[in-house]
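For reference, the structure discussed in these notes is given below.
The values are calculated or read from the model by the stated rules, or taken from the named source; none is laboratory data. Since the structure is predicted, the reported quantities are computational estimates derived from the model, not experimental observations. Note that each Cβ is placed from the backbone with ideal geometry, even for glycine, and that neighbours are counted across all protein chains shown. To get the accessible areas, we keep the full protein, side chains included, count just its heavy atoms, and leave off ligands, DNA and RNA. Shrake-Rupley method; radii C 1.70, N 1.55, O 1.52, S 1.80 Å.
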Amino acid sequence: MTYAIETEGLVKRYGSTTALDGVDLCAEAGTVLGLLGPNGAGKTTMVRALATLITPDSGVARVGGFDTVRQANDVRGLIGLTGQYASVDEEMTGYENLLLLGRLLDLPRREARARARELLARFDLSDAGGRAPDTYSGGMRRRLDLAASLVGRPAFLYLDEPTTGLDPRSRGDVWQMLRELVRDDGVTVLLTTQYLDEADQLANDIVVIDHGRVIANGSSDQLKSQVGGQSLEIRPADPGRLPDVVGILRELTGREPVPESERGLVTVAVTDEDLLPVVVRRLDEAGIRATEFALRLPSLDEVFMTLTGHRSQDSDERDDGPGEPKEKAA
């Protein structure tokens, strides 16, 4: 199979630090590949290598069938990049920013104007297009960043932690726009993120990277199944019965349940689904009414913690490539 994005044994070192240590990954066309890892894991270095901004020390990376080193110009014509920080000119209006990018990409003036208006409308920024970005909300600025990365109609879109710092509603807006880009335009997306729910929502496949190495890959459900087991969650209608629920689950499962008093919830690992009717009967016999009774796979955050030994947003105090600052240009 020919993949839209593919790396084989990619290595990048900065002095004594190895930012990428033989990374293999691949993504099919028209899908979202989620690249997960804590700060310093090598995510941004990977994006920079695939965007031809740095040259790997060894290994091969191909985008759209083109080698990122030997055919860098061909790759650049296929990609759009949105980094972690705003990439637009603060003194120009939103419309002027997009128009300038269109002209820099050699679009004829009329086409550049039309493309700028089209993207402002698509990202719900038409009313704000005549204002400078420093008057925008955080969500609006990120939408303008996305619009800027799409001026040249790229087949590949690299998003390096695109929703960092956004409120939940703005994050949801960005998610919906990404879904539409993949569904309607067939764009292939490489998404780096520390937010496990973001990868769960958007990514067709996920690569977990830590200390420059791939430690797991697969779909969200596949990664969850690798950890194994399921969790039973019970929320009693009367929070005062939480200790009783804990006692019943301890007796029936032989495991130690985890009560969360603030949420009024008890969680316990289970391996036998046939136990569920027995739990229901015991709760009924004890006069305990449950407002929530759910069996679920481990969360992606639990998977991440099992694989790496720390949560996704924990920093390991190591830069993502000394001497190579975070990418700030779309």
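At-a-glance table
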read-out	value
Residue 120 being in contact (Cβ under 8 Å) with a residue 40 or more places away in the chain and either more than 30 Å from residue 41 (Cβ to Cβ) or touching a Leu at 6+ places or on another chain (Cβ under 8 Å) (or both)	no
Which listed residue is open to solvent by 40 Å² or more (accessible area, probe 1.4 Å), modelled with pLDDT of 90 or more, over 24 Å from residue 22 (Cα atoms) and not hydrophobic (A, V, I, L, M, F, W, C), from 213, 183	183
Where a residue in the range 28-50 is in a helix (DSSP H, G or I) and among the hydroxyl-bearing types (Ser, Thr, Tyr) and its partner, wherever it lies, is crowded, with 23+ Cβ neighbours inside 10 Å and at pLDDT 95 or above, with Cβ under 6 Å and at least six apart	45/12; 45/19; 45/20
Tally of residues being within 29 Å of residue 43 (Cα to Cα), open to solvent by 30 Å² or more (accessible area, probe 1.4 Å) and out of contact with any Ser or Thr (no Cβ under 7 Å at 6 or more places or on another chain) across the range 71-100	11
Residues within the range 34-46 that are out of contact with any helix residue (DSSP H, G or I) (no Cβ under 8 Å at 6 or more places or on another chain), under 21 Å from residue 200 (Cβ atoms) and surrounded by fewer than 24 Cβ atoms within 10 Å (Cβ to Cβ), tallied	1
Qualifying residue in the range 225-234 (condition: in a strand (DSSP E or B), open to solvent by 40 Å² or more (accessible area, probe 1.4 Å) and in contact (Cβ under 8 Å) with a residue 24 or more places away in the chain)	yes
The range 197-215 - residue that is among the aliphatic types (A, V, I, L, M) and not in a strand (DSSP E or B) and, of those, farthest from residue 226 (Cα to Cα)	202
Residue tally, condition modelled with pLDDT of 75 or more, part of a loop (DSSP other than H, G, I, E, B) and surrounded by fewer than 17 Cβ atoms within 10 Å (Cβ to Cβ), over the range 279-330	3
Hits in the range 241-268 - residues which are assigned to a loop (DSSP other than H, G, I, E, B) and within 19 Å of residue 296 (Cα to Cα)	254, 255, 256, 257, 263, 264
Conditions (1) out of contact with any strand residue (DSSP E or B) (no Cβ under 9 Å at 6 or more places or on another chain); (2) outside any loop (DSSP other than H, G, I, E, B); number of the one not met by residue 11	(1)
Yes/no for residue 202 being of a type in the set (A, V, I, L, M), within 30 Å of residue 84 (Cα to Cα) and touching a residue at least 12 places away in the same chain (Cβ under 8 Å)	yes
Near pairs, Cβ below 9 angstrom, 6+ apart or cross-chain, from the range 159-180 (touching a residue at least 40 places away in the same chain (Cβ under 8 Å) and at positive phi) to any residue that is open to solvent by 30 Å² or more (accessible area, probe 1.4 Å) and of a type outside the set (D, E, K, R)	161/84; 161/195
Matching residues, the range 60-102, being in a helix (DSSP H, G or I) and closer than 22 Å to residue 165 by Cβ	94, 97
Residues that are charged (D, E, K, R) and either more than 21 Å from residue 240 (Cβ to Cβ) or over 34 Å from the mean Cα position of the chain (by Cα) (or both), drawn from the range 254-289	255, 272, 273, 274, 281, 282, 284, 285, 289
Output for the range 132-159, where each listed residue is open to solvent by less than 40 Å² (accessible area, probe 1.4 Å) and under 18 Å from residue 30 (Cα atoms)	146, 149, 150, 154, 156, 157, 158, 159
